[in-house]
Amino acid sequence: MDNIEKLKRLYEKGYKCIRYEDDNDGNCKMYFKNFEKENIDDIVSSNADEINQLKSFVEKN
């Protein structure tokens, strides 16, 4: 599954990004939570372009 599409689906289901971490190897892990259902999920990416798109989406929403 494409991470950008997964991110959009998470937001459609009421999830919000609660934090993200960049490690020294260029990986990014983003944490999401649905506060109504108390569910959590995450997205991990090592693609710099994709990471930038993910962060941009999160910052706009």
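Summary table
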item: Subset of region 31-61 that is polar (S, T, N, Q) and under 14 Å from I4 (Cα atoms) - its residue that is modelled with the lowest pLDDT; result: N61
item: Residue satisfying all of: in region 36-52; surrounded by 15 or more Cβ atoms within 10 Å (Cβ to Cβ) and assigned to a helix (DSSP H, G or I); farthest from the chain's Cα centre (by Cα) among these; result: E50
item: Out of K29, K8, K33, sole residue that is of a type outside the set (A, V, I, L, M) and not in a strand (DSSP E or B); result: K8
item: Residue match in region 13-26 (condition: surrounded by 15 or more Cβ atoms within 10 Å (Cβ to Cβ), in a strand (DSSP E or B), modelled with pLDDT of 95 or more and not acidic (D, E)); result: yes
item: Any pair with Cβ under 7 angstrom, 6 or more apart, that starts in region 4-26 at a residue that is over 18 Å from K37 (Cα atoms) and ends at one that is among the acidic types (D, E); result: I4/E50
item: Which numbered condition M1 misses (of (1) surrounded by 13 or more Cβ atoms within 10 Å (Cβ to Cβ); (2) of a type outside the set (S, T, N, Q); (3) modelled with pLDDT under 95); result: (1)
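The values are calculated or read from the model by the stated rules, or taken from the named source; none is laboratory data. All figures in this text were calculated on a predicted structure; none of them were measured in a lab. Positions of Cβ are generated from backbone atoms using ideal geometry, with glycine treated the same way; all protein chains shown enter the neighbour counts.
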